Amino acid sequence: MSRILAFGDVHGCSNHLDALLVAVNPTPRDCLIFLGDLVDRGPDTRGVVDRVRNLKDQFDVICLRGNHELMMQRSRHDTAERKMWMSVGGSETLASYSPIRGRMADVSAVPDSHWDFVERVCVDYHETDSTIFVHANLDPELPLSEQYELMLFWEFLTGPIRHTSGKTVVCGHTSQRSGAIWDLGDTICIDTAAYRGGKLTCLDVASWHYWQADARGRIGEGDLPERNEPEA
């Protein structure tokens with residue numbers, strides 16, 4: 001049976017990602033959807049991008065663009081944008097591309113294949129028959145093709161979206177420091193604060209089973225309780 005596996009904000013945490021992929025054990029029939037913010041904050045953006053690019057050679061992988069990919073992309077040729085990016089995780093990203101540990105590289109050290117990933121491979125959203133995958137948020141009254149940047153990449157979640165399509169929305173961006181998935185019924189947030197000492201989450205959106213990994217590679221798993229209770 002194929003699965004649709006959504007991954008929360010990785011933020012350069014390659015140890016979390018490696019452990020989670022072992023636990024999830026994807027197959028070629030599965031679709032892996034990364035909800036954006038693979039880069040910045042954590043220690044190994046370069047390793048994370050390499051891993052996800054390699055996954056695309058083996059599996060059906062869809063990578064959304066988060067606000068941190070957007071900032072990285074805009075910083076490539078704009079020094080004003082770069083100054084802001086550096087203050088919110090860009091410095092950690094550039095350090096991961098430096099051959100000298102503890103020293104920050106210039107943007108020119110980022111290989112063209114990684115720029116191509118950030119600028120061209122990542123997409124703004126993904127939609128299936130039953131689910132919308134987005135990094136941050138949505139205007140509930142607008143179709144996906146008419147959504148604007150503030151909602152897609154920047155606006156934090158304050159409650160259920162209840163999109164006009166009637167589809168469940170799965171997102172990241174709004175970091176849950178408790179490490180618990182925020183299940184709001186028709187909206188589910190799976191950013192569980194990996195880079196802040198939390199966990200990285202993967203959610204199977206068909207079975208509602210989830211896996212989580214921490215920085216030490218410890219795995220927890222379970223089911224979203226409200227969705228798997230037997231009907232009366």
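The values are calculated or read from the model by the stated rules, or taken from the named source; none is laboratory data. Since the model is a prediction, treat every value here as computed from it, not as a measurement. FYI the Cβ positions are ideal-geometry reconstructions off the backbone, even for glycines, and counts take in every protein chain you see. Just so you know, the surface numbers come from the protein's heavy atoms only, side chains and all, with ligands and any DNA or RNA stripped out. Shrake-Rupley method; radii C 1.70, N 1.55, O 1.52, S 1.80 Å.
Looking across segment 69-84 at every residue that is open to solvent by less than 10 Å² (accessible area, probe 1.4 Å) and touching a residue at least 40 places away in the same chain (Cβ under 8 Å), the one that is nearest to residue 149 (Cα to Cα) is identified as 69.
Confirm whether residue 70 is part of a helix (DSSP H, G or I), over 14 Å from residue 36 (Cβ atoms) and among the hydrophobic types (A, V, I, L, M, F, W, C). In short, no. Exactly one residue out of 106, 124 is in contact (Cβ under 8 Å) with a residue 60 or more places away in the chain, open to solvent by 40 Å² or more (accessible area, probe 1.4 Å) and touching a Leu at 6+ places or on another chain (Cβ under 8 Å): that is 124. Scanning segment 44-60 for residues that are out of contact with any helix residue (DSSP H, G or I) (no Cβ under 9 Å at 6 or more places or on another chain) and open to solvent by 50 Å² or more (accessible area, probe 1.4 Å) gives 54, 57, 58, 60.
Does residue 158 qualify as being polar (S, T, N, Q), farther than 21 Å from residue 45 by Cβ and open to solvent by less than 10 Å² (accessible area, probe 1.4 Å)? Here the answer is no, as residue 158 does not meet what is asked.
When residue 92 is tested against (1) among the acidic types (Asp, Glu); (2) buried (at least 17 other Cβ atoms within 10 Å of the Cβ); (3) at pLDDT below 95, exactly one condition is not met: (3). If the condition is being closer than 17 Å to residue 105 by Cα and either part of a helix (DSSP H, G or I) or open to solvent by less than 40 Å² (accessible area, probe 1.4 Å) (or both), then segment 26-43 contributes 39, 40, 42. Looking across segment 151-180 at every residue that is in contact (Cβ under 8 Å) with a residue 40 or more places away in the chain and closer than 15 Å to residue 16 by Cβ, the one that is nearest to the chain's Cα centre (by Cα) is identified as 172. Suppose the filter is under 29 Å from residue 145 (Cα atoms), touching an Asp or Glu at 6+ places or on another chain (Cβ under 6 Å) and modelled with pLDDT of 95 or more; does residue 63 pass it? Criteria not met by residue 63.
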